Structures are given as C-alpha cells and as structure tokens.
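Encoded as structure tokens, the structure appears first; notes follow it.
The values are calculated or read from the model by the stated rules, or taken from the named source; none is laboratory data. Because the structure is predicted, anything quoted here is derived from the model rather than measured. Don't worry about glycine lacking a Cβ; one is built from the backbone with ideal geometry, like all the others, and counts go over all protein chains shown.
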Amino acid sequence: MEPHEVNIALTIALALIGGVAAQILARHLRIPGIVLLLGMGALMGPDLLGLIDPSLLGGALHTLVGFAVAVILFEGALNLDIKRLRRESRTIRQLVLCGALVTAIGAALAAHYVMGWVWSQAVLFGTLVIVTGPTVITPIVRRVRLKHSVGTILEAEGVLIDPVGAIIAIVALDVVIHPSNASFFVGLFSIILRLGTGALIGLAGGYILALLMRPKKLIPEGLENIFILSSVWAIYHISNSLIPETGIMAVTAAGLVVGNIQTRISRDLAEFKEQLTVMLIAMLFVLLAADVRFDDIRALGIDGLVTVALLILVVRPLNIAVGTAGSGLKLNERAFLAWMAPRGIVAAAVASFFAIELTAAGIEGGTQLRAMVFLVISVTVLLNGISSSLVAGLLGVRRKSDQGYAILGSTDLGLTLAKALKDGGEEVTVIDSNADAIKQAEQMGLKVVFGNALEERTLQRARLDELSGCIGITANEEVNLLFATKAKEEFKVGKLLVALHLKDGHVKPAMIHEAGASLLFGRPQDINLWSVRVKRKLTAIENWRYTKKSEESEDDRPWLVESLERTFFALVLQREKRAFPIGEDTTLKQGDLVTFLVYEEDAETARLWFANNGWVYERVEEDEPNQSNE
C-alpha cells in the first residue's frame, strides 16, 4: 500500500474512533453528540493536533458524505409516524415550503447587508441554512420530552426540510456557476422536477422493499438489514444517476414508506439503522469540522456573529410565524419552535461541497461561505442543545408525566393485569420481543411496543418518561429486575414493581428493594400456575369493594391470605378514578375497589371469604377495546 493510501485510511480510522469517543462522552454528559463532534473535529484537525487531514481524501470525501447522508435521512424518515404527521400536516407542509422560503430570503438579506457579500454568495448562504436536521433535533426531542404535537413538528421538519433545502441549494449553486437569462425559471423547474422525481423513485423503492420483507423465507434470516442497507444506497445512487441530486429526496421517501408498513423486521431494522447512523455521523462531523480552518472563521468577525444572531432572533421567528399560521398551536408552542433551529450534517456536507465546486469554477467566496455555515452550526447547536430543556420548562411545552404503566411480558397473566389496569382507566403499554405473543395484546386493544426491553431505544418508544410506573412480569425474574433498574436509572420512573415466583429463584426480595422496586402482588406468587390457569380459561376477574373502616381491620392488606393464595389474589386497586397495580406498599381504605383473579373451581370458597370479611361484589361494565400499536 502506498504511503498516500495509508494516510487516507488512517484519516478515516482516526476520524471514526474520535467521533465515536465524542458520542460516548456526549451520552454520559446528556448533551447532543454534535456539540462534542464539532470540538473533536477541530481538536484533531490540522489547526491543533494535526491527527487528521480531510484534504487527503479529495473527491472521496464527497462520496463518503453521500453514502452517509443516504443512511441518515432514511433512518430519520423511518421513525416518522404517518398518523402523527397527518395530525400536524398543515403546519409541517407550511414550514417545509413557506418557512423554507422565509429562511432563504432572510438569511440572504442578512448576509448581503451585514456581511457585505455579493448577492450570488448571499443567496447561496440563504439556501444552505434552510435545513435544520434530524441529527440534532431528534436527540433533543427525546431528551427534553416535548409535547407530542411540538415534537412531531420538529422531527418532521428536520427530516423533510433536508432534501428540500439541499436540492434548492444545489440548484442555486448551478445557477451561480452557469448563469443565463432563463436561469431563474430553469432553476424553479429543476427544483420541482428533482423533488418530484426523487419522491416517486423513493416511494416506489420503499414499497418494493416493504413487500420483499414481508415473506418470511424470501430474505434469509440474518441478512435482512444488510439487504435493506444495500437497497437504500442503490435507491440513492440510481436516483442520482437519473437526475443529479435527487437521491436525497428518494431515500427520505423510501424511509417514510418502509417505516410505516409493518414488516417482520421493521423494529430490528430501525435499531440497526440508528447504530449505523451514529457511527456515520461521528465520522463525518469530525472530518467536515476538521476541514474548516480557524482563520477562516475568525475572519468573519463580529459581522458573522451578528448574522447568526439575526438568523436565530429574527429569521427563525418569522419562519415559524408564517409556517404555523392557522395551525391552532398555542403561543408558547410557537415560541419554542421559533427558538429551535439547529443545523446538522446536511448543511455541513453541502457547504463543504459548495466550497470545492466554487473553487473549481474559479469563483471566490467558497471558503468564506463554508466557514459561515459552520459558524451557524456551532452556535445553533450549542445554544439549542444546552438551553432546550430550560426553555421547554419555562414555556410549558413538556409532556405530562405520571400517566399509565408499561408492562414487560405479554404472558397470559401479564395481559390479564394489563386489561385490569386498562379497565380501571389507565393507559397501558405492553413490551415484548416475541412477535407472536404480542399480537394477543394488540387484539385486546392494548398499546404494544415490539423490541428488547433492555435496550434504550425500545424503552424510548414506550415513553417510559411519561409513565406512573413499570411492571416486570416475564417468566425470567432476572430480566424483570434489570428492566426495573434500567427504567429507574435511565428514565427516572417512580413506581417499579417486579414479579417473583413462589419457588426459590436467583432474585431475592432484598435485591428488588435495593433496586428501588417492590414486589408485584405484594408477595411472590406461583406465576406459572396462574398463567396456565388463565391460558386454559380457568379463572375469572371479579371486582370487590372494601366496606370496613380502617380501624376495624387489623391488617391494611387484607387480601394477603396465605391459606387461600391458590384460590385468589389481588391484581389492581381502584381509588378516586385511578387504578394502581397491587404492590407491597399498597394499603386499603374504606370504599376502595379491588380487582381479583379468582380460580373458578374454588370460586365459592373465595366468595364466602369475601362476604365474611367486609367485601361487597360489584359489577363493572367493560369498555370496547381500541387497538393501537407502536
């Protein structure tokens, strides 16, 4: 291998490990990864340590960027829920179309009058900063726990504005490099043609991919993700080969289709793509940031900072005012949207491409343009990444918490508990990695999340940060405990309940208490026995109201009758229009309604005990189920 080739390989390898290290540190610090990636690129670049030199890559850098952007936008679109997009479709459409125009014009005016740039350079800058970017927006939305309407708008804008902004910028560059009298009209037609062609190719490609992934034996197990990845790159480059720069729109449309058509591997695919995206973002941001010289940014001076301030404080609020007109969003929600506009990987990538193309065409200002875009990225990412949580709290756009429960395990007993909580008025999310088992939960009208409950992404989809509590009721006690521990450490869930089997196992009650959880059902139960009984339809759900006054009862947990533990046990307590799973800390008050699981063969024995101990049977009407899934 030639020394030059060794240097290229070393540059990519060092950029990759440096980027991943920055991502790891960012996770520990709970800040957007891009904040540290920019710093890592500057640190490792020629101006400081000199460990990497992106100029060695030449045209290969643009190729790397293309492959990475294809995966990043496909992964971002993969996570967009069509149902939510429809609810906010008017606002999203206005932001992507009208808002983009406001940003382009506003940024161009600021660059011309503040920076003193010629109009052609100013217009290019305006088109470059149209985009926001899912690489920054998505982590912020997940971390800050925004209201669903606000979060959906921000995520959709970040994904959908990228191809629109990038195509507009590329067409504007073509007009600047090859001016003519009909350039404006040709350019407008070119924008529409590229967006439309890319969308059609992406929709067709995404639908074909989804169809191919449905049969179980067509794509062998273990090769699904590799097949999808190669197909995404094929869609991107096929689209670009037909009409240049349409691939970015094609992969976005394909991701939107694949993400909203249920396939046997859709969730695994999303997790695989997210990991790959993190790796590609890590490498590219380090390379692109290292390619910018400090002297170029310093040369922008105070005028550069004033221009960025105008983008944040004037242009973005105008963008939101136009984009949310008639949307019904409240003033505080609009204010938060106006504050949030961090730029990401697409802006950085296209700016670097502009610098190369303008230099090659003999047009001055490419390096200055790239430096200005990176200044915008740096300031907006730092500002939004650090302040988003505080601003969301001050403006009151955080989601409400302490509502509903997540249940790990779609066993028969777990679903019985879920149904009892749902009938009591609580929102219930069932988590399981067994696709066949979780279908039963869907048929019961329960919300489901398919995936590994010990992985952060699965728990994020279950929205643990909004819930009252989490319940582990699988056949594996260790998994139940790990689930509770992760829910507490990562998502700060307050109420945690863990099911223990009656027979001795590896997990002891003391271990559950050390984890900050309590025993589900108030004590160990013969989980397997009751699951079999439920499966064979040998049990009944009965609601009994407690009528004794507290001073009349010697025990505030009178359902724990050891001699009748195989006859019945309590599932759910209902009080003041709320339902609570039974745990060690559950106590009774007069008038409380308790849902019991009763073994029908011993039902008369159970009912006699209830009648003799201050309980009154109460019939509760069941609601019709409404099926939903995540």
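Tabulated results
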read-out: Residues that are in contact with a Pro (Cβ under 6 Å, 6 or more places away or on another chain) and surrounded by fewer than 24 Cβ atoms within 10 Å (Cβ to Cβ), drawn from the range 102-139; value: Pro139
read-out: Any pair with Cβ under 7 angstrom, 6 or more apart, that starts in the range 346-366 at a residue that is touching a residue at least 60 places away in the same chain (Cβ under 8 Å) and ends at one that is in a loop (DSSP other than H, G, I, E, B) and of a type outside the set (Phe, Trp, Tyr); value: Val346/Val131; Val346/Gly133; Ala347/Val129; Ala347/Val131; Ala347/Gly133; Ser352/Asp291; Leu358/Gly365
read-out: Check on Leu38, in the same structural domain as Thr359 (by TED's automatic domain parsing), modelled with pLDDT of 80 or more, touching a Phe, Trp or Tyr at 6+ places or on another chain (Cβ under 8 Å) and of a type in the set (A, V, I, L, M, F, W, C); value: yes
read-out: Extreme residue, nearest to Tyr207 (Cα to Cα), among residues of the range 220-258 that are buried (at least 24 other Cβ atoms within 10 Å of the Cβ) and touching an Asp or Glu at 6+ places or on another chain (Cβ under 8 Å); value: Gly255
read-out: Meets criteria (part of a helix (DSSP H, G or I) and of a type in the set (Gly, Ala, Ser)) for Ser327; value: no
read-out: Filter result for Gln574 (in a strand (DSSP E or B) and either over 20 Å from Leu564 (Cβ atoms) or more than 38 Å from the chain's Cα centre (by Cα) (or both)); value: yes
read-out: Boolean, Glu357 is surrounded by fewer than 24 Cβ atoms within 10 Å (Cβ to Cβ) and assigned to a helix (DSSP H, G or I); value: yes
read-out: Flag if Leu310 is surrounded by fewer than 21 Cβ atoms within 10 Å (Cβ to Cβ), more than 27 Å from Leu16 (Cα to Cα) and not basic (Lys, Arg); value: yes
read-out: Any pair with Cβ under 7 angstrom, 6 or more apart, that starts in the range 473-492 at a residue that is closer than 18 Å to Asp526 by Cβ and ends at one that is of a type in the set (Val, Ile, Thr) and outside any helix (DSSP H, G or I); value: Ile473/Ile407; Ile473/Thr411; Thr474/Thr411; Ala475/Thr411; Glu477/Val507; Asn480/Ile473; Asn480/Thr474; Asn480/Val498
read-out: Qualifying residues in the range 434-475 (those that are at pLDDT 85 or above and in a loop (DSSP other than H, G, I, E, B)) - the one surrounded by the fewest Cβ atoms within 10 Å (Cβ to Cβ); value: Thr474
read-out: Checklist (1) at pLDDT 90 or above; (2) not in a helix (DSSP H, G or I) applied to Asp303, failing item; value: (2)
read-out: Selection status of Gly247, touching a Phe, Trp or Tyr at 6+ places or on another chain (Cβ under 8 Å) and small (Gly, Ala, Ser); value: yes
read-out: Matching residues in the range 44-89 - criterion: being over 30 Å from Val449 (Cα atoms) and without any contact (Cβ under 8 Å) to a residue 12 or more places away in the chain; value: Leu48, Leu49, Gly50, Gly58, Gly59, Thr63
read-out: Residue count for the range 386-408, restricted to those that are under 28 Å from Ala289 (Cα atoms) and buried (at least 22 other Cβ atoms within 10 Å of the Cβ); value: 1
read-out: Hey, Val232 closer than 30 Å to Arg90 by Cα, aliphatic (A, V, I, L, M) and at pLDDT 85 or above or not; value: yes
read-out: Wholly enclosed helices (runs of 4 or more DSSP H) of the range 104-211 bearing at least 1 residues of a type in the set (A, V, I, L, M, F, W, C) and modelled with pLDDT of 90 or more; value: 119-128
read-out: Answer from Ala441, Ala475, Ala499 - the residue that is at negative phi, in contact with a Ser or Thr (Cβ under 6 Å, 6 or more places away or on another chain) and hydrophobic (A, V, I, L, M, F, W, C); value: Ala441
read-out: The range 548-571 - residue that is under 22 Å from Thr416 (Cα atoms) and in a loop (DSSP other than H, G, I, E, B) and, of those, modelled with the highest pLDDT; value: Thr567
read-out: When residues of the range 388-433 are limited to those that are in a loop (DSSP other than H, G, I, E, B) and of a type in the set (Val, Ile, Thr), the one modelled with the lowest pLDDT; value: Thr411
read-out: Set Ser352, Ser410, Ser378: member being closer than 22 Å to Ala68 by Cα and in contact with an Asp or Glu (Cβ under 7 Å, 6 or more places away or on another chain); value: Ser352
read-out: Near pairs, Cβ below 8 angstrom, 6+ apart or cross-chain, from the range 102-117 (in contact (Cβ under 8 Å) with a residue 12 or more places away in the chain and of a type in the set (Ser, Thr, Tyr)) to any residue that is assigned to a loop (DSSP other than H, G, I, E, B) and buried (at least 18 other Cβ atoms within 10 Å of the Cβ); value: Thr103/Val129; Thr103/Ile130
read-out: Output for the range 35-82, where each listed residue is among the polar types (S, T, N, Q) and more than 15 Å from Ile281 (Cα to Cα); value: Ser55, Asn79
read-out: Test: residue in the range 89-97 that is among the hydroxyl-bearing types (Ser, Thr, Tyr), farther than 16 Å from Ala156 by Cα and either surrounded by fewer than 21 Cβ atoms within 10 Å (Cβ to Cβ) or assigned by TED's automatic domain parsing to the domain that holds Arg461 (or both); value: no
read-out: Members of the range 102-132 found to be among the small types (Gly, Ala, Ser) and over 35 Å from the mean Cα position of the chain (by Cα), listed by number; value: Gly116, Ser120
read-out: Asn480 vs. criteria at negative phi, crowded, with 24+ Cβ neighbours inside 10 Å, of a type outside the set (Gly, Ala, Ser) and not in a strand (DSSP E or B); value: yes
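Residue by residue, here is whether (1) at negative phi; (2) charged (D, E, K, R); (3) crowded, with 21+ Cβ neighbours inside 10 Å holds:
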position	(1), (2), (3)
Glu514	yes, yes, no
Ala517	yes, no, yes
Asp526	yes, yes, no
Leu529	yes, no, no
Val534	yes, no, no
Leu538	yes, no, no
